[in-house]
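The structure appears right after this line, and notes come after that.
Derivation of every value follows stated rules applied to the coordinates shown; laboratory data play no part. Because the structure is predicted, anything quoted here is derived from the model rather than measured. For neighbour counting, all protein chains shown are included, and Cβ atoms are generated from backbone atoms with ideal geometry for every residue, glycine included.
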Amino acid sequence: MLIDVVSSVARNLVPIGLIVALLIFAEMAIRGRTLRSLRTQLSIFVLVWIAAELPRSLIVIGFIRASEDLRTFGLVAHTISMVLFGVVLVLQFYKVPIGGSHLLEAIDDSLNELLGKSAAKAVKFYVEPSIATTNITEYSRSLRKIFLDGGKLLETRIAVKLYEKLGLQFTEKPGYGLVQYVQEAQTKRMA
Amino acid sequence: LVDIFTVAGVINALSVIIPGPIVLYLANRVKIPSIRNLSILLVGFSVVHGLYHLSFLASLPLIGNVLDLVSVIMLILFGLYYRWRVL
């Protein structure tokens with residue numbers, strides 16, 4: 001029957017898919033610098049998940065053999081990673097508003113004002129604002145990838161808010177983005 | 001008594017299916033295409049993987065194998081799209 005053939009092909013392709021996913025998320029985990037970011041948490045979940053899923057899928061296709069104890073261990077590890085995944089999703093979505101630095105507050109205010117609270121929450125879900133405090137270039141690049149042309153407008157709004165909070169005079173400059181405005185603000189504050 | 005495989009199957013299914021509607025709610029209210037697509041892929045992965053666990057509990061391994069592959073493909077697509085449009 002067709003379903004038998006499709007099921008058999010699918011079963012054999014799962015280990016290959018898991019290895020591809022492992023490579024993608026391992027690279028994301030390496031690039032993520034903070035445990036608080038979605039990418040790092042997701043990557044950890046995926047790595048734990050694959051650690052349990054890959055041996056299971058190889059056992060299913062008969063590529064390797066395993067004792068009952070090892071299979072039970074794999075199942076428990078898989079269950080823990082699944083629960084972890086669910087918790088990560090819900091916590092990332094419902095976590096408390098950001099704060100603690102002028103830049104983070106400026107980002108939070110600007111996202112809420114320009115996008116509304118729901119969309120702002122979604123953006124913060126995928127791009128952890130705390131990245132901006134450690135790597136403003138990376139955060140700016142993510143905003144431009146997500147919003148394309150609108151990213152520039154959002155960056156300018158964040159810069160305006162940041163300057164307000166720092167008590168600095170803001171002047172829009174051609175060719176400037178969030179990176180340049182933040183660097184300028186730092187220079188002005190030190191002067 | 002219920003065996004550990006059944007208990008784990010139920011926990012696995014619920015722990016990934018339950019967050020699905022939460023993220024779907026998020027996706028429906030967002031007009032930003034990249035964020036919406038990411039959310040749909042994430043929900044797709046979590047719900048399909050939950051259904052995969054339920055299919056084995058319901059003694060439907062043939063469908064389960066297909067759902068397993070579909071969930072892995074959705075996870076790969078999510079990872080690639082996240083790298084392309086966010087990182």
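How crowded by other chains is A:80-89, given as the mean number of beta carbons from other chains within 10 Å of each beta carbon?
Details: counts 4, 3, 11, 5, 1, 7, 12, 2, 1, 11.
Averaged over the peptide's residues, the number is 6.
Under a 5 Å amide H to amide H cut-off, with H placed in plane at 1.01 Å, what residues pair with A:Glu128 once short-range neighbours are removed?
For A:Glu128, whose amide H was placed from the backbone, the distant partners under 5 Å are A:Leu38.
Could you work out [θ]222 nm for chain B from helices alone, using -39500 (n - 2.57) per DSSP H run of at least four and dividing by all its residues? Round to the nearest 500 deg cm²/dmol.
It comes out at -29500 deg cm²/dmol, rounded to the nearest 500.
In deg cm²/dmol and to the nearest 500, what is the mean residue ellipticity at 222 nm of chain A if only DSSP H runs of at least 4 residues count, each as -39500 (n - 2.57), divided by the residue total? List each step's numbers first, then the result.
Working: 9 runs with 150 residues, N = 191.
Helix-only estimate at 222 nm: -26000 deg cm²/dmol.
Counting other Cβ atoms within 10 Å, keep those with at most 14, restrict to DSSP loop, and tell me which trypsin sites (Lys or Arg not before Pro) in the range A:72-175 are left.
Numbers: sites: A:Lys95, A:Lys117, A:Lys121, A:Lys124, A:Arg141, A:Arg144, A:Lys145, A:Lys152, A:Arg157, A:Lys161, A:Lys165; in loops: A:Lys95.
Sparse-neighbourhood loop trypsin sites (Lys or Arg not before Pro): A:Lys95.
Across 5 Å bins from 0, what is the distribution of all Cα-Cα pair distances for the protein assembly as shown, in whole percents?
Per 5 Å bin, starting at zero, the Cα-Cα P(r) for the protein assembly as shown comes out as 1, 6, 11, 16, 16, 13, 10, 8, 6, 5, 4, 2, 1, 0, 0, 0 percent.
Report, as an integer, the average count of C-beta atoms from other chains found within 10 Å of each Cβ along A:62-75.
Working: counts 0, 0, 0, 0, 0, 0, 0, 0, 0, 1, 3, 0, 0, 6.
For peptide A:62-75, the averaged partner shielding equals 1.
Semi-axes, largest first, in whole Å: what does sqrt of 5 times each Cα gyration tensor eigenvalue give for the range A:143-191?
21, 10, 9
Which order do the peptides A:54-61, A:180-187 come out in when sorted by mean C-beta neighbours inside 10 angstrom, highest first? Don't jump to the answer; show the numbers that get you there.
On the way: A:54-61: 18.0, A:180-187: 16.4.
The packing order, highest mean first, is A:54-61, A:180-187.
Can you pull the mean other chain C-beta count within 10 Å for peptide A:41-50? Can you show the working numbers first?
Working: counts 0, 5, 1, 0, 0, 3, 0, 0, 2, 2.
Taking the mean over all residues of the peptide, I get 1.
Please identify the chymotrypsin sites (Phe, Trp or Tyr not before Pro) of the range A:1-86 that satisfy two criteria: DSSP loop assignment and at most 12 other Cβ atoms within 10 Å. Which are they?
Of the chymotrypsin sites (Phe, Trp or Tyr not before Pro), the ones in loops of the range A:1-86 whose Cβ has at most 12 other Cβ atoms within 10 Å are A:Phe63.
Would you mind giving the average projected area, over all directions, of the Cα convex hull of the range B:29-87 in nm² with one decimal?
Values: hull surface 16.7 nm².
The number I arrive at for the range B:29-87 is 4.2 nm².
Hey, rough spin-label estimate for B:Leu62 and A:Asn135, points 7 angstrom out along Cα→Cβ, what's it come to in nanometres?
4.8
How do A:Thr79, B:Thr6, A:Thr171, A:Thr133 rank when sorted from fewest to most other Cβ atoms within 10 Å of their own Cβ?
Values: A:Thr79 20, B:Thr6 12, A:Thr171 9, A:Thr133 15.
With the sparsest Cβ surroundings first, the list reads A:Thr171, B:Thr6, A:Thr133, A:Thr79.
Would you list the P(r) distribution for the range A:75-189, with all Cα-Cα distances sorted into 5 Å bins from 0 and each bin expressed as a whole %?
2, 11, 21, 23, 16, 10, 6, 5, 3, 2, 1, 0
What distance in nm lies between label points placed 7 Å from Cα along the C-beta direction at A:Arg71 and A:Leu114?
A separation of 5.5 nm, rounded to one decimal place.
Hey, rough spin-label estimate for A:Val160 and A:Glu27, points 7 angstrom out along Cα→Cβ, what's it come to in nanometres?
Going by the 7 Å Cα→Cβ label model, 3.8 nm.
If the cut-off is a Cα-Cα distance under 17 Å, which aspartates and glutamates reach A:Lys165, setting aside same-chain residues fewer than 8 apart in sequence?
Those aspartates and glutamates meeting the cut-off are A:Glu105, A:Asp108, A:Asp109, A:Glu113, A:Glu155, A:Glu184.
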